[in-house]
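Each value in this text was obtained by applying a stated rule to the coordinates, not by laboratory testing. None of these values were measured; they are calculated from a predicted model. Cβ placement follows ideal geometry from the backbone for every residue including glycine, while neighbour counts extend to all protein chains displayed.
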């Protein structure tokens, strides 16, 4: 049985590995220092693209957390 969480995994429209997406019911409110969930999503995707290009290991979750750290930190 799988656990339900407030995040889903979706694929970008143009293909590629899944990126973390907020659940549709979660508001896209600004985070601390003005970064929105959409800003985090786009940054996580850029991190994924760069990570795959150079062959580094990682997960959608690690890309998301790194994007949050960069945008909020």
Select from the stretch 51-69 the residues that are in a helix (DSSP H, G or I) and over 12 Å from the mean Cα position of the chain (by Cα) and write down the one among them that is nearest to residue 34 (Cα to Cα). 51
Note down all Cβ pairs under 7 Å where the first residue falls in the stretch 46-73 and is at negative phi and free of Cβ contacts under 8 Å to residues at least 60 places away in the same chain, the second is assigned to a helix (DSSP H, G or I) and surrounded by fewer than 13 Cβ atoms within 10 Å (Cβ to Cβ), and they're at least six residues apart or on different chains. 72/32; 72/33
